[in-house]
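> Just passing along the structure, written as structure tokens.
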Amino acid sequence: MSATAVHSLWTTTAAASVNDGIDKIDAPNIEYGQLAPTLIVIGAAVIGVLIEAFVPRKSRYYAQLFVAVVALAAAFAAVVALAAGGYGTTKARIAAMGAIAVDGPALFLQGTILLAGMVAIFTFAERRLDPVAHGNRVDSFVAQAGAVPGSPGEQAATKAGFATTEVFPLALFAIGGMLVFPSANDLLTFFIALEVFSLPLYLLCALARRKRLMSQEAAVKYFLLGAFASAFTLFGIALIYGYAGSVSYGTVAKVVDGTITTVDPALAGTMGNDALLLIGSAMIVMGLLFKVGAVPFHMWTPDVYQGAPTPVTGFMAAATKVAAFGALLRLLYVVLPGLRWDWRPVMYGVAVITMLGGAIVAITQTDIKRLLAYSSIAHAGFILAGVIATTEDGVSSVLFYLGAYSFVTIGAFAVVTLVRDAGGEATHLSKWAGLGRRSPLVAAVFAVFLLAFAGIPLTSGFSGKFAVFKAAAEGGAGALVVVGVISSAIAAFFYIRVIVLMFFSEPKADGPTVAVPSPLTMTAIGVGVAVTLVLGVAPQYFLDLAGQSGVFVR
Amino acid sequence: MSFPLLTATAALPAVGAIATAAVPAARRTAAKWLALFFSLATLALAVVVAVRFDPDGDRYQLTESRAWIKDFGVRYELGVDGIGVALIALTALLIPFIILAGWHDADPLETKSSRWRPTQGFFALILAVEAMVIISFEATDVFLFYIFFEAMLIPMYFLIGGFGDRAHSGSDENASAQRSYAAVKFLLYNLVGGLIMLAAVIGLYVVAGNFSLQEIAEARANGSLDMATNTERLLFLGFFFAFAVKAPLWPLHTWLPNAMGEATAPVAVLITAVVDKVGTFAMLRFCLQLFPEASKWATPVILVLALVSIVYGALLAVGQRDIKRLVAYASISHFGFIILGIFAMTSQGQSGATLYMVNHGISTAALMLVAGFLISRRGSRLIADYGGVQKVAPVLAGTFLIGGLATLSLPGLAPFVSEFLVLVGTFARYPAVGIIATFGIVLAALYTLVLYQRTMTGPVKPEVASMPDLKVRELAVVAPLIALLIVLGVYPKPVTELVNPAVKHTMSDVQKKDPKPDVEAAK
């Protein structure tokens, strides 16, 4: 066990130079084809940065949008090509010298993230909702992030027609990190991916055009708590290294289940110490539970969801969840299956309090974005129920749920951007009264999303819920299913309350108006509705897809 | 591959719902006629189903089976037995009358927004409910049934909450609050029931590995699928709870008076005469077939609950001051009879219960729709606001009386036959229960006749002095229903012949034989 065991991709060259002299460096073996989706997105993000530097301000928006959409489409095509080429099943391999796993779950999640990212980019680029400012169409983002809110500088920036087109490369970097996160196959790559997707998100949260102080406050909260969570994760990784003498998923797993018993002399004092393993894995899992917003690590969710620009909220709620649950699955199924009897009761408890906590606290919410935030917490609980199943069915049910959930979420937040009054988005629930009378179509679409969240049959929410509950019941967690249906019933109450408000209340005289969006947001909402209904009525194809993607490569 | 008749019967109203919803805002009347057309076409298909069905043939006929969601072990499986045919016919029969009776219920009070189209929505939702109810009667796959059992709550919810009783004046803030309260209560009760059933549905899958009613029932019968006693009981309770909420059975009934009180009369009929029947139907089809042992285990408790429903519902009906709530409590009492008949576990009881479902649908529709016409004339639901109506509107009063007499099971009208069968069937096995249930009939006479007396007889109240009698449209709704009540009261054979073989199958599922007559037992 030399230095290669620590991390092959990062240390191969260094080790080679120590052993064989400087002139015999072996180039690391990188499977560019299998890493193409990530490389395309990150490459496009870099191009986006260059556009910011060199393209004239007037054309930046179009250039950025073009690059982002093309990159995401190309990356998605690459994922499809890989999946069609069997890289998700028979040719599933560990690539990039052990750093990245390219297998079924990874490709499925990458495809989901890319599609969700694409739809989210459409909502980022929406410029018809806010009133025209000084002759310029504006999006949901601040004119100049550096200008102090309410200052003359801000006014000047608005007047000059500045736009924060940096959001596109930022989103691409985040998506790039998210693509790596669920496919990371060693703890260092895992951590780097975590940071690569988290940092742009912290920034994006701070960039709201309206209610800037709230937005910045949300970003600071998210950043501070996120930094805590990252620190925990990193500490956990260090402890795991102390325990296993490696950060590679496969090696750690083997040390955990006792296949490898040789002790690295440098780590003789710590290797095989179960306390390190338990504390370390608990810390890593804590960091992940923070990212998915599971109780008791959920405190940031409502504030950040409320403060962030709504398109970012939708993107975050959907894609972050997909990536983080993907990573959690891989961690629990690949690295820690030997520890199953230790983590299952803990996750069981977390799932129970997450489902119930999210559903119960949501009842008292009066802001639509906060309500959706708590709803997303409850959904994290449902997904955890599938994670606990520890079966192949459990994996595919979680994959399916994530796919179904992310489109509903983005669609729902896209609808939230449409309902506006003089102060921007009218997110207070009382303002939504009678929306169904005024704009039946928008209200009906939002009702479809709410019913999907509530898990009413014939929507994707029901198929997903059924899949995870079935997996959980088959995995022997029947009691969890009962808690699940009880919290679904509680959750149904507040979704229905919104529907009551929209359809059965009289519209207020000074109520908000519904802005007519450009085709961009319409596409986002349309895709959301279509996916919701298709996955509700005919989910078989996608269940098959998820079912074939249920096996992790080790 | 033969023509998928059952799919067509369920799909036709669904297509009608979409077509009706798509009618432009200004063409309100066209939407109504379109909805009526689709409901009549569905009735025609239901008649074809009834004709093509051979009562003495296989248990499930006109079956269809297609792959649907393989991963969940779910197939798209349809098939009807005699009970299903009877209830499909009832549903298809009542919907045109409901549409006709609600002809003006959803006319917008003022045409402010060109995009708000309540009329189209109202009739589309009624057709959507019809489609979902019909497919619930047809589904022989537990999952397929469950999906529509749950999904029908949504259109029902909008019908209750979105189209309140005009008698309560549409713009009144308080009335709209009460209405949405009723709608939410309806939805939450049924959703909780449904979600508990979902846990049981998943449990059933874990135990049985698929959702096919026939396969599971067969495997249960030949012993290849053995359920632990406790598992079976828990699953039974999960299913029964949902059906008992829907039916509704005391003490899960409290949503019904609210819902029926606040909804328009046609929607109230839709709830009690059509949608609630899915609950009692499902008890017969799913509880007894899938969990025969547990059904027998739970029988004593369920009989007691049914008795409480019968007596409690009737007592509360006597005490009501609101006409629609009175009918609602009377319905709770009648659902008690239906459930009593099902769980008496005798063939008379179960035939009677099925017949009761059909007859209760028709008689409640007659009573409630006439009550609706009455209420829309005076603008009040309170019994005290009426008096002497028979002098100013004799036809209205007469039809109201016949509907009322049917509700109290007067011999010669259809409900008598079914109530008699239920009581005989119950008495054969549980004499004490049968005797107590009889009090329900006495109380029914009380609440119906008192209702009639207070509203229709006596001195003419000044507010009702100028009340017009039934119009042609209203007569067209009421007359056929009353004719049907009389025909089925005198000649119930077509329905009983349809139902009896199906009941025999169910009885053999629970391995119960009818108790021998006392004469033989004495020997």
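The values are calculated or read from the model by the stated rules, or taken from the named source; none is laboratory data. Since the model is a prediction, treat every value here as computed from it, not as a measurement. Here the Cβ is made from the backbone with ideal geometry for all residues, glycine too, and neighbour counts use every protein chain on show.
> So A:Pro152 clears everything in (1) of a type outside the set (A, V, I, L, M); (2) more than 18 Å from A:Leu203 (Cβ to Cβ); (3) at pLDDT below 85 except one condition, right? Which one?
(3)
> On to the next question. Kindly indicate which of A:Ala163, A:Ala120, A:Ala156, A:Ala143 is in a helix (DSSP H, G or I) and touching a Phe, Trp or Tyr at 6+ places or on another chain (Cβ under 7 Å).
The unique qualifying residue is A:Ala120.
> Scan the stretch A:503-523 for residues that are touching a Gly at 6+ places or on another chain (Cβ under 8 Å) and within 11 Å of chain B (Cβ to nearest Cβ) and jot them down. Before you say what the answer is, go through the steps one by one.
We begin by selecting, within the stretch A:503-523, every residue touching a Gly at 6+ places or on another chain (Cβ under 8 Å); these are A:503-508, A:511.
Hits for the stretch A:503-523 are A:Phe503, A:Phe504, A:Ser505, A:Glu506, A:Pro507.
This table checks each residue for (1) of a type in the set (Gly, Ala, Ser); (2) outside any helix (DSSP H, G or I).
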site	(1), (2)
A:Val69	no, no
A:Ala74	yes, no
A:Ala77	yes, no
A:Ala81	yes, no
A:Thr89	no, yes
A:Ile94	no, yes
A:Met97	no, no
A:Pro105	no, no
A:Phe108	no, no
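> Mind telling me which of the residues A:Gly550, A:Gly528, A:Gly511 ends up being closer than 20 Å to A:Val448 by Cβ and either among the hydroxyl-bearing types (Ser, Thr, Tyr) or in contact (Cβ under 8 Å) with a residue 60 or more places away in the chain (or both)?
A:Gly528
> Continuing with the same structure: Suppose we filter A:Leu276, A:Leu207 for residues that are out of contact with any Asp or Glu (no Cβ under 8 Å at 6 or more places or on another chain), among the hydrophobic types (A, V, I, L, M, F, W, C) and more than 23 Å from A:Val167 (Cα to Cα); which single one remains?
A:Leu276
> Does B:Phe163 meet the test of being modelled with pLDDT of 85 or more and under 29 Å from B:Leu127 (Cα atoms)?
Criteria not met by B:Phe163.
> Another one. Checking the conditions here, which among B:Leu144, B:Leu188, B:Leu225, B:Leu198 is part of a helix (DSSP H, G or I) and more than 8 Å from chain A (Cβ to nearest Cβ)?
One residue alone meets the criteria, B:Leu144.
> Is the stretch B:472-495 home to any residue that is part of a helix (DSSP H, G or I) and aromatic (Phe, Trp, Tyr)?
No; the residues of the stretch B:472-495 include none that is part of a helix (DSSP H, G or I) and aromatic (Phe, Trp, Tyr).
> Name the residue, out of A:Leu82, A:Leu107, A:Leu72, that is closer than 15 Å to A:Phe173 by Cα and in contact (Cβ under 8 Å) with a residue 24 or more places away in the chain.
When all the criteria are applied, what remains is A:Leu72.
> Can I ask one more? Report, by residue number, each residue of the stretch A:479-501 that is of a type in the set (Ser, Thr, Tyr) and more than 9 Å from chain B (Cβ to nearest Cβ).
A:Ser487, A:Tyr495
> Out of curiosity, is B:Ala437 surrounded by 21 or more Cβ atoms within 10 Å (Cβ to Cβ), in contact with a Leu (Cβ under 7 Å, 6 or more places away or on another chain) and more than 25 Å from B:Phe373 (Cβ to Cβ)?
yes
> Of all residues in the stretch B:436-478, how many are without any contact (Cβ under 8 Å) to a residue 40 or more places away in the chain, of a type in the set (A, V, I, L, M) and more than 30 Å from B:Val304 (Cβ to Cβ)?
Summing the residues that are without any contact (Cβ under 8 Å) to a residue 40 or more places away in the chain, of a type in the set (A, V, I, L, M) and more than 30 Å from B:Val304 (Cβ to Cβ) in the stretch B:436-478 gives 1.
> Answer yes if at least one residue in the stretch A:396-417 is surrounded by fewer than 24 Cβ atoms within 10 Å (Cβ to Cβ), within 13 Å of another protein chain (Cβ to nearest Cβ) and in contact (Cβ under 8 Å) with a residue 60 or more places away in the chain, and no otherwise.
The answer is no; no qualifying residue exists.
> Further, regarding this structure: Of the conditions (1) surrounded by fewer than 23 Cβ atoms within 10 Å (Cβ to Cβ); (2) in contact with a strand residue (DSSP E or B) (Cβ under 9 Å, 6 or more places away or on another chain); (3) within 18 Å of A:Pro169 (Cβ to Cβ); (4) not basic (Lys, Arg), A:Gly98 clears all except one; give me its number.
That leaves (3) as the condition not met.
> Looking at A:Gly526 and the list (1) surrounded by fewer than 24 Cβ atoms within 10 Å (Cβ to Cβ); (2) over 25 Å from A:Ser406 (Cβ atoms), which single condition is not satisfied?
Result: A:Gly526 passes all but (2).
> Among (1) outside any loop (DSSP other than H, G, I, E, B); (2) more than 8 Å from chain B (Cβ to nearest Cβ); (3) within 19 Å of B:Gly73 (Cα to Cα), which single condition is A:Gly476 missing?
Of the numbered conditions (1) outside any loop (DSSP other than H, G, I, E, B); (2) more than 8 Å from chain B (Cβ to nearest Cβ); (3) within 19 Å of B:Gly73 (Cα to Cα), the odd one out for A:Gly476 is (1).
> A further question on this structure: Of the numbered conditions (1) surrounded by fewer than 19 Cβ atoms within 10 Å (Cβ to Cβ); (2) farther than 15 Å from A:Asp303 by Cβ; (3) touching a residue at least 12 places away in the same chain (Cβ under 8 Å), A:Leu213 fails exactly one; give the number of that condition.
Status for A:Leu213: all satisfied but (2).
> Looking at (1) modelled with pLDDT under 90; (2) under 19 Å from A:Leu399 (Cα atoms), which is the only condition A:Leu329 fails?
(1)
> May I ask you to list the residues in the stretch A:47-89 that are out of contact with any Gly (no Cβ under 9 Å at 6 or more places or on another chain) and among the basic types (Lys, Arg)?
A:Arg60, the sole residue that qualifies.
> Restricting the search to the stretch A:216-249, which residues are among the β-branched types (Val, Ile, Thr) and either buried (at least 23 other Cβ atoms within 10 Å of the Cβ) or closer than 28 Å to A:Ala99 by Cα (or both)?
Within the stretch A:216-249, A:Thr233, A:Ile237, A:Ile240, A:Val247 qualify.
> Next question, about the same structure. Does A:Ala120 meet the test of being of a type in the set (A, V, I, L, M, F, W, C) and at negative phi?
When the stated conditions are applied, A:Ala120 passes them.
> Continuing with this model, one more query. A:Glu195 versus (1) more than 30 Å from A:Leu328 (Cα to Cα); (2) among the charged types (D, E, K, R); (3) outside any loop (DSSP other than H, G, I, E, B): which is the lone unmet condition?
The one condition A:Glu195 does not meet is (1).
> Sort out which residues of the stretch A:154-183 are more than 15 Å from the chain's Cα centre (by Cα), on the phi < 0 side of the Ramachandran plot and not polar (S, T, N, Q), and write them in order of number. It would help to see each step written out before you state the result.
Taking the stretch A:154-183 first, the residues more than 15 Å from the chain's Cα centre (by Cα) are A:154-169.
Still in the list and also on the phi < 0 side of the Ramachandran plot: A:154-160, A:162-169.
Within the stretch A:154-183, A:Glu154, A:Ala156, A:Ala157, A:Lys159, A:Ala160, A:Phe162, A:Ala163, A:Glu166, A:Val167, A:Phe168, A:Pro169 qualify.
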